Amino acid sequence: MATKRSGKAYYMISAVAAKYDIHPQTLRLYEREGLLKPSRTEGNTRLYSEEDLDQLETILSLTRELGVNLAGVEVILNMRRKMERMQQEVNEFMAYVKKELARGLDDWEQRLSTAMVKSSPTDLVRSGATGTTGASGAAGAGGATGAAGADGAADDEEEIDIASAASKRSS
């Protein structure tokens, strides 16, 4: 027999026992073992909710189909609760990371819109990844740099000298 409390359906112990073909004492045992926690009326009658019935179906599946004893059922149910909590925490963390990434992208877009040199972050990453740096560690304009190594600074000076000599000749 189902009763309604606050919009939810609740079932009495006799109805649950008949539906699942188990003895009411078995349901009482599951409650004593802490596997089920039905609510109670003011007259102390057990009332099983849909969530309780889902839990009971899991218990019966573990015991009947898989042959798990009640101690094993308790361990499995506790592990499931922990896993559900952990999954919820992971979901909350992922939502936080997504929010922070979106905020970070907005900051980048704002910085790039006010930058003196307009460039997308991917252009900056590409030029920094393909170019080589001299001893000073700084990349040249457009990603072109001097040769890497201990004498990189000398190479840069030679390039400057060659460029200035070429410009003097053309003038």
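Rule-based calculations on the coordinates, nothing more; no lab input. Quick caveat, the model's predicted, so the values are computed rather than measured. Note that each Cβ is placed from the backbone with ideal geometry, even for glycine, and that neighbours are counted across all protein chains shown.
Amide H of Tyr11 versus every other amide H placed in the peptide plane: which residues, excluding those fewer than 5 positions away on the same chain, fall under 5 Å?
The answer is Thr3, Tyr48, Ser49.
Could you give each residue of the stretch 8-23 its phi-based ³J(HN,Hα) in whole Hz, using Karplus coefficients 6.51, -1.76, 1.60 with θ = phi - 60°, and x for Gly or Pro?
Coupling constants for the stretch 8-23: 9, 8, 10, 10, 7, 4, 5, 5, 5, 4, 5, 4, 9, 6, 10, 7 Hz.
For every other residue with a beta carbon closer than 14 angstrom to the beta carbon of Leu77, add +1 if it is Lys or Arg and -1 if Asp or Glu, then tell me the sum. Don't jump to the answer; show the numbers that get you there.
On the way: positive: Lys37, Arg80, Arg81, Lys82, Arg85; negative: Glu31, Glu33, Glu51, Asp52, Asp54, Glu57, Glu74, Glu84.
Residues close to Leu77 contribute a combined charge of -3.
Around Gln87, with a cut-off of 15 angstrom between Cβ atoms, what is the net charge of the other residues, counting Lys and Arg +1 and Asp and Glu -1?
Local charge sum for Gln87: +1.
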